[in-house]
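Below is one structure, written out as structure tokens, with a few remarks after it.
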Amino acid sequence: MNSAPELPPHHPPKRVLSTIAAAAVVMGMVIGAGIFRTPQLVAQSLGGEGALMLAWALGGVFALIGALCYAELSAAYPDTGGDYRFLREAFGGDAAWLFAWSRFAVIFSASGALLAFVGIDYLAELVPMGTLTRALVAGGMVILLTALNLRGVQTGTRAQIAMVAMDVAALLALGGAALWLAWQAIAPQQVATAAMPPVSLAAFGQSMVFIMLAYGGFNDASTLSAEVRSPRDMTRALFGGMVLITALYMIANWAYVRGLGMAGLASSEAPAAALMARAFGPAGETAIVVCVAIAAFSVLNALIIVGGRTLYTAAEDEPALAALAQWDQSKGVPRAAILVQTAVELALIAWGAASGRGFATMVDYLSPIYWLFLTMSGLAVVILRRRQPDVERPYKVPLYPVLPLIFAAACAGVLYSSVVYVGWSGCLISFGMLALGFVVRTVLRLAVRP
């Protein structure tokens, strides 16, 4: 007869994180390489300055509404599993398991690998590296940040605050560069390009895939809801963090358009570097390249902080995974779960490097699954209000149920656009991995059955 191994008793995490630390994780999960890469793709899709700024503003509004939804869920159901707990309460254990599996095998792992590629790609602008060298350095950064976070949650979040400060400084520098060009009466860059087609609904939908990729990640900070000092600290962190991020993104996009013009933005593969070079020469370009690399590693560090927590929580419900449901009380981290998550990230880095399309491969792999579960979490606000009305909710979404339904509808729209963007081949891989989760759970249940 097979049985789970004897393990020390389970100990829950401690409430040690401040509002500032949690907000730093929120901002670190969102402000990464996206804002330094996706504006070019949005400009190519939309063409007009007004449409571009409107699209980024709408993305900020949707993300802020999402943050309000997660603030309610996190305050009512504080848990290291974040969405895992919300989805289990709303849709049952099977849906929660699939989410935990997808976050482990797809969402967090691919996001970490993607950000490692972005950071190394930007560093390669200063220090030329071949494909193999880039993969090795990217893997090395994952290992280094994992070791940093295994020293303890306070160490990880202190590093996060420092890196988020660098992210904010970089985005403000873009605004400063545009203001400098305006002060010097230097007109936006003139680039000869083919005429852009009129903005269509399909083009707007495609642009929202890229925009919401840049705004995405705030939901993952809910895994810290059981470690903040009070439920309202999580609410303040989510709301305040997303307001600041939206303002910074609007500044950055205004700066791109003011310094490069729409045509220049659409034709630049590194608009931040192009803008800083135009305003301040090679020194400005070098500085922003370093900042973009740090931004990528900032999000990667935040992913490591929260990445193992969903796996840790899911393992509590699966006797065969009991070895992963252990919390290191002295360090405040789920050590075994983080190590397993890191191993998967390293495997995906190897896959991305072998494909020759590291960044693009990871985007195709994670986008549809990410927006599927975000849609479900938006609906969970409504379902849980009706199903569990007596649960204490220190914070409630205003204008209920309008805002949660708007958020869920927006996520469903981005899900559809993501499926169209990655195509059936990309969906086959990502949804195939999701289906594999059913097989894995069946095997795990059989392993401990008497």
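Evaluate the range 170-177: report whether one residue or more is modelled with pLDDT of 75 or more and over 19 Å from residue 27 (Cβ atoms).
yes
Do we have any residue at all in the range 236-258 that's among the polar types (S, T, N, Q) and closer than 18 Å to residue 27 by Cβ?
For the range 236-258, residues among the polar types (S, T, N, Q) and closer than 18 Å to residue 27 by Cβ: present.
Which of the residues that make up the range 382-417 are part of a helix (DSSP H, G or I), more than 22 Å from the chain's Cα centre (by Cα) and surrounded by fewer than 15 Cβ atoms within 10 Å (Cβ to Cβ)? Write out each step before concluding.
Residues of the range 382-417 that are part of a helix (DSSP H, G or I), as a first pass: 382-387, 402-417.
Okay, now just the ones that are also more than 22 Å from the chain's Cα centre (by Cα), so 382-387, 402.
Result: 386, 387, 402.
Across the range 278-302, what is the number of residues that are open to solvent by less than 30 Å² (accessible area, probe 1.4 Å) and either of a type in the set (A, V, I, L, M) or not in a helix (DSSP H, G or I) (or both)?
Total satisfying the criteria: 11.
Take the range 116-154 and flag every residue that is among the aliphatic types (A, V, I, L, M), within 22 Å of residue 34 (Cβ to Cβ) and open to solvent by 50 Å² or more (accessible area, probe 1.4 Å).
Within the range 116-154, 123, 126, 137 meet the criteria.
Among what's in the range 420-429 and is within 20 Å of the chain's Cα centre (by Cα) and open to solvent by less than 40 Å² (accessible area, probe 1.4 Å), pick the residue that is nearest to residue 57 (Cα to Cα).
Residue satisfying both the conditions and the ranking: 422.
Determine the pairs where a residue that is within 14 Å of residue 281 (Cα to Cα), located within the range 172-184, has a partner that is assigned to a helix (DSSP H, G or I) and among the basic types (Lys, Arg) with Cβ atoms under 8 Å apart, the partner being 6 or more residues away or on another chain.
177/278; 178/258; 181/258; 181/278
Any residue in the range 437-444 that is at pLDDT 80 or above, assigned to a helix (DSSP H, G or I), open to solvent by 20 Å² or more (accessible area, probe 1.4 Å) and under 30 Å from residue 132 (Cα atoms)?
Checked the range 437-444: no residue is at pLDDT 80 or above, assigned to a helix (DSSP H, G or I), open to solvent by 20 Å² or more (accessible area, probe 1.4 Å) and under 30 Å from residue 132 (Cα atoms).
Examine the range 241-252 for a residue that is within 30 Å of residue 81 (Cα to Cα) and at pLDDT below 85, and state whether such a residue exists.
Yes, the range 241-252 contains a residue that is within 30 Å of residue 81 (Cα to Cα) and at pLDDT below 85.
Filter the range 16-70 for residues that are under 29 Å from residue 188 (Cβ atoms), in contact with a helix residue (DSSP H, G or I) (Cβ under 6 Å, 6 or more places away or on another chain) and of a type in the set (Val, Ile, Thr) and give the result.
30, 31, 35, 38, 42
Give me a count of the residues in the range 120-144 that are part of a helix (DSSP H, G or I) and in contact with a Leu (Cβ under 8 Å, 6 or more places away or on another chain).
Of the residues in the range 120-144, 5 are part of a helix (DSSP H, G or I) and in contact with a Leu (Cβ under 8 Å, 6 or more places away or on another chain).
Have a look at 360, 353, 315, 337 and point out the one that is under 20 Å from the mean Cα position of the chain (by Cα), of a type outside the set (D, E, K, R) and at pLDDT 75 or above.
337
For residue 390, all conditions in the list (1) at pLDDT 85 or above; (2) under 23 Å from residue 114 (Cβ atoms) hold save one; what is the number of the exception?
Result: residue 390 fails condition (2) only.
Quick one: what pairs do we get from the range 387-412, first residue over 12 Å from residue 62 (Cβ atoms), second polar (S, T, N, Q) and surrounded by 11 or more Cβ atoms within 10 Å (Cβ to Cβ), C-beta under 7 Å, 6+ apart or different chains?
395/235
May I ask you to say which residue of 74, 45, 102 is touching a Ser or Thr at 6+ places or on another chain (Cβ under 8 Å), hydroxyl-bearing (Ser, Thr, Tyr) and more than 26 Å from residue 240 (Cα to Cα)?
Answer to the selection: 45.
Restricting the search to the range 73-94, which residues are assigned to a helix (DSSP H, G or I) and open to solvent by 20 Å² or more (accessible area, probe 1.4 Å)? Explain how you work it out, then say what you get.
First pass over the range 73-94, keeping only residues assigned to a helix (DSSP H, G or I): 73-76, 83-91, 93-94.
Across the range 73-94, the qualifying residues are 85, 88, 89, 91, 93, 94.
The values are calculated or read from the model by the stated rules, or taken from the named source; none is laboratory data. Given the structure is predicted, the values throughout are model-derived calculations rather than measurements. All Cβ positions, glycine included, derive from the backbone under ideal geometry; neighbour counts span all protein chains shown. When the accessible area is computed, the model is the full protein with side chains, heavy atoms only, and any ligands, DNA or RNA have been set aside. Shrake-Rupley method; radii C 1.70, N 1.55, O 1.52, S 1.80 Å.
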